[in-house]
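Written out below as structure tokens is the structure these notes cover.
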Amino acid sequence: ASFKAAGHAFTDVPSGSYYADAVAWAVENGITGGISADTFAPNAACTRAQAVTFLWRAAGSPAAQGGADFHDVTDGDYFAQAVAWANEHDITDGVGGGLFGSMDSCTRSQIVTFLFMAR
């Protein structure tokens, strides 16, 4: 059965799955729209940039005071404001060497640390 949320019909989110309500909440609150109009990709890995962007959007997409001060984040990146905000609020200070690790897979420990620091 196709799952519907805020104009999306995700064919890969079974109605009644343990994450269906969470997906609906995330879509309805503008945190994510999936990877296409009909695909959410619930088992796909998440990058550090995506994880911080989800958190930033859940916080209401607040404006950052400055730019993201990492070599692998440019002003034009969709996640630049999210990374700058997370860095300003001591949610993350990157992976070392002046890098945020934007395209690195986000580990479970990194995700729970982002959540813990943002609380």
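The values are calculated or read from the model by the stated rules, or taken from the named source; none is laboratory data. Since the structure is predicted, the reported quantities are computational estimates derived from the model, not experimental observations. As a convention, Cβ positions derive from the backbone with ideal geometry for all residues, glycine included, and neighbour counts pool all protein chains shown. Remember, those area values only see protein heavy atoms, side chains included, never the ligands or the DNA or RNA. Shrake-Rupley method; radii C 1.70, N 1.55, O 1.52, S 1.80 Å.
Enumerate the amide H contacts of Thr47 below 5 Å, restricted to partners 5 or more residues apart or on another chain; note that Pro and chain-start residues carry no placed amide H.
Residues meeting the amide H criterion: Cys106.
In what sequence, highest mean first, do 79-87, 13-21, 25-33 appear when ranked by Cβ atoms within 10 angstrom?
79-87, 25-33, 13-21
Given the peptides 51-60, 92-101, arrange them by the average over their residues of other C-beta atoms within 10 Å, most packed first.
Final packing ranking: 51-60, 92-101.
Express the relative contact order of the chain as a whole percentage, based on alpha carbon pairs under 8 Å and six or more residues apart in sequence. Display every interim value, and only then the final one.
Details: 165 pairs, mean separation 24.6, N = 119.
Contact order relative to length: 21 percent.
Along the three principal axes, how long is the chain when you take its alpha carbons, biggest first, rounded to the nearest angstrom?
Projected onto its principal axes, the Cα set of the chain covers 46, 26, 25 Å.
Compute the separation of the alpha-carbon centres of segment 65-89 and segment 92-119 and state it in Å as a whole number.
When both Cα centres are located, 13 Å separates them.
Suppose accessible area is computed on protein heavy atoms with a 1.4 Å probe; arrange Thr47, Thr113 from highest to lowest.
Thr113, Thr47
Taking only protein heavy atoms and a 1.4 Å probe, what accessible area per residue, in Å², does the chain have with all protein chains in place? If you can, show how the numbers build up before the last one.
Numbers: 6840 Å² over 119 residues.
Each residue of the chain exposes 58 Å² on average to a 1.4 Å probe.
Using the Cα centre as the reference, give the magnitude of the dipole from point charges on the C-beta atoms of the chain (Lys, Arg: +1; Asp, Glu: -1; all else neutral), rounded to the nearest 20 debye.
340
Efficiency by 1/(1 + (r/R0)^6): what FRET value for Ala44 and Asp69, r their Cβ-Cβ distance, R0 = 35 Å, to the nearest 0.05?
My answer for the efficiency is 0.75.
Calculate what fraction, in whole %, of the accessible area of segment 8-119 sits on carbon and sulfur atoms when a 1.4 Å probe is rolled over the protein chains.
53
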